[in-house]
Amino acid sequence: MKTPVGTSAVNQEANTGVASFAISPQEDRILRIERIAIRLFGVANCIVSFGQVSARFGKGERSMAALEAAFCDSLSFPHDPVIVNDARLDPKTATNPWVVGAPYIRFYASQPIVDNNAVVGAIFLIDYVARQYQEEDTFLLNDLSGLVEQELQFDSMQAAHDDMVRQNRSLRRDSMIDPMFGTWNRGAIVRSLEIEVIRCRAAAKPMSLAMVSVDNYADLKNEFGLHASEAILIKMVSRMRSCIRPFDALGRYGTEEFLVVLPGASHVVIQAITERIRSTVLAHPEVINDKTRDVTVCVGTVSTDVFTTASPDELMSQVEQALHSAKKVGNNSVIHAVPVGS
């Protein structure tokens, strides 16, 4: 698990710019624990360290917080609580440069921080006068380390939750994609229509819908086989993509039918786009088994600036009827739905 960057209680210097750095929400919560410890124990400083606290400060910086951080970095993380009432008398710190020299640290205590049964850091209390550490203080410092450990667990749980959300989003998206064409599947494209009808009406903008079907697809499949006919569909979908706008939604609606949802497109715009689709597909005949075969489509369209109060279901009914009318006219046809009597 990733632990926070080493934090230092720079409470007196945070507003001076001496130790200015962006901190994460978790680091901010740990700084609160440091401030509580300073008041609770009456010490000069409390530092929660996960290693290299001094990296927070500029190279050569000589502020009090920077020197205290360097002192903590010079000590190992303890496996048990350590209390040194006078650092000058302790063999491990008697010659420490931050004890014999500025800032002349006298008292320190450290408490291990444990995560997954491993010591990952420590809480350090620092003061500039020798002092007597009470038994009650040991319990309080242990309680504070428990709070820090809870922060680590919370961060780990949050990271796991975020990862799960990302995976669920990916799985949900995958469940809405047609695996052959990489378009939306039927459920997703119909849902897109429902959303865009509401959104465009709220914004007082038109919206159009087009249903595209490959002509004589059953004959193509019977003559050339399933794989060749599917390859034709894949190429056709690619050509359709090149004709629509980046924010239009394209989805597979049936075996050889595709639905295009075009937010903001009036009946004039959809006429231009569907004509582009029709002519682009026609301009690319397919060569299959050394045979050249024209591929054409029929298209039906409907627009909300023509059917101003139509529901999503009514729009679907109109676009299906328009496609049926186009097929009755003949291959390579486009029909735009109009109200009865127009």
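The values are calculated or read from the model by the stated rules, or taken from the named source; none is laboratory data. Just so you know, these numbers come straight off a predicted model, no measurement behind them. Virtual Cβ from ideal backbone geometry, glycine too; neighbours counted across all protein chains shown.
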Item to check | Of the criteria (1) crowded, with 21+ Cβ neighbours inside 10 Å; (2) of a type in the set (A, V, I, L, M); (3) not in a helix (DSSP H, G or I), which one Ala65 fails | outcome: (3)
Checklist entry - Do we have Val100 as in contact with a Ser or Thr (Cβ under 7 Å, 6 or more places away or on another chain) and either at pLDDT 85 or above or among the polar types (S, T, N, Q) (or both) here? => result no
Checklist outcome for this item: Taking the stretch 294-316 and keeping residues closer than 15 Å to His336 by Cβ and in a helix (DSSP H, G or I) leaves Leu315
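Picking from Ala204, Ala228, Ala210, which residue would you name as being in the same structural domain as Ser325 (by TED's automatic domain parsing), surrounded by fewer than 14 Cβ atoms within 10 Å (Cβ to Cβ), hydrophobic (A, V, I, L, M, F, W, C) and more than 30 Å from the chain's Cα centre (by Cα)?
Values: Ala228 fails: surrounded by fewer than 14 Cβ atoms within 10 Å (Cβ to Cβ); Ala210 fails: surrounded by fewer than 14 Cβ atoms within 10 Å (Cβ to Cβ).
Answer to the selection: Ala204.
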Next on the checklist: Kindly evaluate Gly264 against the criterion of being small (Gly, Ala, Ser) and farther than 23 Å from Val338 by Cα.
Outcome noted: no
Next on the checklist: I'd like to check something: does the stretch 188-199 contain any residue that is in contact with a helix residue (DSSP H, G or I) (Cβ under 6 Å, 6 or more places away or on another chain), surrounded by 17 or more Cβ atoms within 10 Å (Cβ to Cβ), modelled with pLDDT of 90 or more and not assigned by TED's automatic domain parsing to the domain that holds Val237?
Outcome noted: no
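Among the residues of the stretch 42-55, how many are over 15 Å from Ile126 (Cβ atoms) and either buried (at least 20 other Cβ atoms within 10 Å of the Cβ) or of a type in the set (A, V, I, L, M, F, W, C) (or both)? Break it down stepwise before answering.
We begin by selecting, within the stretch 42-55, every residue over 15 Å from Ile126 (Cβ atoms); these are 50-52, 55.
Subset that is either buried (at least 20 other Cβ atoms within 10 Å of the Cβ) or of a type in the set (A, V, I, L, M, F, W, C) (or both): 50, 55.
Going through the stretch 42-55 one residue at a time, the tally reaches 2.
Going by the structure shown, is Ser242 under 34 Å from the mean Cα position of the chain (by Cα), surrounded by fewer than 16 Cβ atoms within 10 Å (Cβ to Cβ), hydroxyl-bearing (Ser, Thr, Tyr) and at pLDDT 90 or above?
Working: under 34 Å from the mean Cα position of the chain (by Cα): yes; surrounded by fewer than 16 Cβ atoms within 10 Å (Cβ to Cβ): yes; hydroxyl-bearing (Ser, Thr, Tyr): yes; at pLDDT 90 or above: yes.
Judged against the criteria, Ser242 is a match.
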